[in-house]
Every structure is written in C-alpha cells, then in structure tokens.
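Below: one structure, written as structure tokens.
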Amino acid sequence: MKTDVIIIGAGASGLMCAAACGKRGRTVLVLDHAERMGSKVLISGGGRCNFTNVNASSEHYLSANPHFCRSALARFTPRDFLALVEKHHIRYYEKEAGQLFCAGSSREILAMLKQECDARQVQFLLKHGVAAVQKDKDFSVTTDHGKFRADSLVIATGGLSYANLGATDIGHRIAKQFGLKVVPPKPALVPLLLTSGDQKAFRELAGISLDAVVSCGKKSFRGNILFTHRGLSGPAILQASSYWNKGDRIVIDLLPDRSIHDEFQDKRESRTTMQNLLSGHFPRRFAQTWCDLALVSKPIIQYSDKELRRIADQLHAWEIVPGGNEGYTVADVTAGGVDTRELSSKTMEAATVSGLYFIGEVMDVTGELGGYNLHWAWASGHAAGEFA
Ligand SMILES: Cc1cc2nc3c(=O)[nH]c(=O)nc-3n(C[C@H](O)[C@H](O)[C@H](O)COP(=O)(O)OP(=O)(O)OC[C@H]3O[C@@H](n4cnc5c(N)ncnc54)[C@H](O)[C@@H]3O)c2cc1C
C-alpha cells in the first residue's frame, strides 16, 4: 500500500499533522502500535486537557537550540488552536497563568482531531507495531502487519514517559539510523527524590504543600511545592526538574513575599518561640519539623543576631541536592530528543534526509508546565503538515 504521507504515531502531533496534510489533498496513513489513539491527550490535564497556553512563546521552552521553536509557534498560535476548538463548540476556561482547559473532557479534543482527520479521509491503522523503516526512492515502513510505502515519513512517536500508554524510543532510533544526532533524553516535569537522609528527616511532612519559589541554576519558578514520602513534587518542583541534572542544587525560598529577617527584627524583644512565630507562616507540622531539624526553638529574644540571620537565610534559600527523580513512569514529558539543529525550523524536515520529518515531543523541544507541550505538538505538527 502506498500513500503520499505516512505518520508514525497517532498522538497529539501526529493527529494535527495528519489533518494538515489531508487539508492539502495529500493521502495520509497514520500507524500506531497502541490499541487506541491519543492516550496522552486523554489523560492530559487530569482528564480536562490543558490544551494550550495563551502565552506560548519560545521562552517557555527548553532546548539545546532555543530559537528553533519560534517559527512554528508564530505560524500556529494559541488563537489558531482556539479557532478549531470554537469551531467544534468545545467549551473551555482559563485556569491560571494563561492555561486553557476543556470545561468538559479531554475526549472532546481527541474527537475534534479525529473529525478533522476524517473530513480529509486520513486512514488509521492501530495495533500496527513498526519494526523497521527504510528509504530508497521513497520510504518503506515494515510493521507486524505488512509493509507500507510513502513519499514522506513523519515521526510523531512522542517521548519516553508512560511506557504503559505506548511510549517507545523508536523515534530516537529512527533519527540515529538516518545519521541524526539525539540530545540525551531525560525525564522532565517529574517529582524529585530526596537523599535517603533527607527522606527520613522530612517523611513526616508528606502531604504538606507550601507556596515557594524554586530555583535551579538561573531558572526560578513560583508555585506550590508538595512534600511526598520520597521527595518533593508540586508545580514549582516539576518546573524546576526539567532544568535539573544529577548533582545540581535546588534552592527554595519558603517565604517568597516577605523578609522573615525584618519580622525577626520587629519582634526582637518578643518571648514568642521560633516555632510559634513560624507557625504563623507555615502549617504547624512543618514549623515543628523545621525547628527540630535546623535549630532549637526558643524565645526570639534569646537568639543572637547572627543566629537570626542564619535562620532567615535558610528559610529564604533552603538548599537541597536531590538524590534523583521519579523517572519516566511518572514524568509528564521527556526533555532532550532529536537534535533540532538537524531539522528545518520551518518544515521540521531533516536537513540531510529529504522527506523525513520529526514533530512533537520526540524532538528536543520541551515545554514548561501549563499547556506548552501540547501546544508544541500542535504547532510542530501543523508546520510539518504544510510541507510533508
Ligand atoms: C500524565 C500526563 C499529563 C499531561 N498533561 C498535559 C497537559 O495538560 N498539557 C500539555 O500541554 N501537555 C501535557 N502532557 C504532555 C503531552 O501529553 C505530550 O507532550 C504530548 O502528548 C506529546 O505529543 P506527541 O504527539 O509528541 O506524542 P504522544 O501524544 O505521546 O503520541 C505518540 C504516539 O506514538 C505512538 N508510538 C510510540 N512508539 C511507537 C511505535 N514503536 N510504533 C507505533 N507507534 C508508536 C504512541 O502509541 C502514541 O500514540 C501530559 C503528559 C502526561 C504523561
């Protein structure tokens, strides 16, 4: 069987690309080894699909080639995706910081993409595992159910996280097979693990959530942090995790809106204990554990100036060196991937292999939390769909 285009991967980017290719009159076949299409779209945003972010622009993406994503983002904006959503009468709302979610269910987004494909006679073959890809005058894709040929081949196989939903490294392997570089992949938007000593010390705090600013290198994120049984999670930690590499320090400001040192000065003569004072800012359990671990709680009047300065510094810049992260089984996305320096930023086509395209999470473009990753899937899928 021969079509103009074969897309491997019926996820977010593959479906968007299929609809865009179909719109140009191209015959399109989408192959996927999973039993159903768009599994990650379905579970995204806790089932409500945070499908885009009105602030989508290159500064919200991590890549070894930071400007690469600009062109595709400029040519397919959040407004363009919203036009589709509105055309399909899908109700949505803005949660916070530009994050747009379905008011109903992420199933509506998947149904929308499927309808856009069906309107252009896109063919789907699910439960078709791809065994090999070859190129002579055109591309041939060998699956466990036969061979398929096409003039253009689009790799939309996503990242490595959630293998139970169909994630594999085939996209990275195909890139390497054709001589393209792959930026080493790593789990991103993932909870961090504390070292075993810290785990023991903070175990009692599991379930406690605090507003904080989390910094890793030059990147800082404001939001909640959540103590887990094994480490730290919550939006601000997940964001920082994408920038974290083994051995790096994470610095956490536990009181971002105030100077606790100024408050110590205001209460310099007070007989209130440190634990009571901190309980005014934190859950009591946290204040107690912090005092037990970091200092002896006594009335403020009894501390030396040096001690108060040290305590304030620790609260505003709590330094930890995580022991690791929770890995691909729970990571929202994969950082790294096909090196974008090998691809055209306009078309997503490999510079050295004509007709071979990479889109979505398989490539080295990783969005921050908040709808940016799906928006990259739409924008890159649309860009390739205009040329493949
Ligand atoms: C729990 C969770 C929640 C998320 N929530 C959000 C959110 O709310 N907003 C947001 O922006 N992002 C979110 N993301 C990230 C987002 O879902 C992904 O970045 C996005 O789906 C990537 O699109 P993609 O097309 O590149 O890959 P995918 O959507 O993962 O699709 C890849 C497809 O390729 C197929 N495939 C893989 N290997 C093979 C193979 N060997 N042969 C054939 N087919 C293959 C897979 O079966 C899959 O269907 C979330 C991710 C997770 C895990």
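Put a dot 7 Å past the Cα of Thr347, heading toward its Cβ, do the same for Ser304, and the two dots end up 7.1 nm apart.
For segment 52-108, the solvent-accessible area of protein heavy atoms averages 52 Å² per residue (probe radius 1.4 Å; ligands and nucleic acids excluded).
If the segment from Asp211 to Thr272 were pulled out straight at 0.36 nm per residue, it would be longer than the present Cα-Cα gap by 19.6 nm. DSSP finds beta bridges in the chain, and of those with both partners inside it, around 75 percent are antiparallel. The calculated FRET efficiency for the pair Ala317 and Ala74, based on their C-beta separation and a Förster distance of 45 Å, comes to about 0.75. Amide H to amide H, which residues 5 or more places from Ile7 or on other chains are under 5 Å from it, using H placed in the peptide plane? Long-range HN contacts for Ile7: Leu29, Val30, Leu31, Val154.
Segment 80-132 and segment 187-251 have Cα centres separated by 32 Å. The distance between label points at Tyr93 and Leu293 comes to 3.6 nm (points 7 Å beyond Cα on the Cα→Cβ vector).
Report, to the nearest whole %, how much of the accessible area of segment 263-314 belongs to carbon and sulfur atoms, 1.4 Å probe, protein only.
Percent of accessible area from carbon and sulfur atoms in segment 263-314: 46.
The angle between the Cα long axis of helix 305-316 and the main principal axis of the chain comes to about 20°, on a 0 to 90 degree scale.
Computed extension gain for Ala201 through Lys2, at 0.36 nm per residue and net of the alpha carbon distance, reaches 65.5 nm.
Of the GluC sites (Glu not before Pro) found in segment 201-299, the ones in coil according to DSSP and having at most 10 other Cβ atoms within 10 Å of their Cβ are Glu269.
The loop-placed trypsin sites (Lys or Arg not before Pro) in segment 287-357, going by DSSP, that have at most 14 neighbouring Cβ atoms within 10 Å of their Cβ come out as Lys346.
Residues of segment 1-27 with an amide N closer than 17 Å to a point placed 7 Å from the Cα of Lys137 along the Cα-to-Cβ direction: 1-5. To put it simply, the accessible area of segment 123-216 at a 1.4 Å probe is 51 percent carbon and sulfur.
Within the same chain, aspartates and glutamates fewer than 8 places from Lys176 are excluded, and of the rest, those with a Cα less than 12 Å from its Cα are Asp339, Glu342.
The values are calculated or read from the model by the stated rules, or taken from the named source; none is laboratory data. Just so we're clear, the structure is a prediction, and the values are computed from it rather than from any experiment. With ideal geometry, Cβ positions are generated from the backbone for all residues, glycine too; neighbour counts draw on all protein chains shown. When the accessible area is computed, the model is the full protein with side chains, heavy atoms only, and any ligands, DNA or RNA have been set aside. Shrake-Rupley method; radii C 1.70, N 1.55, O 1.52, S 1.80 Å.
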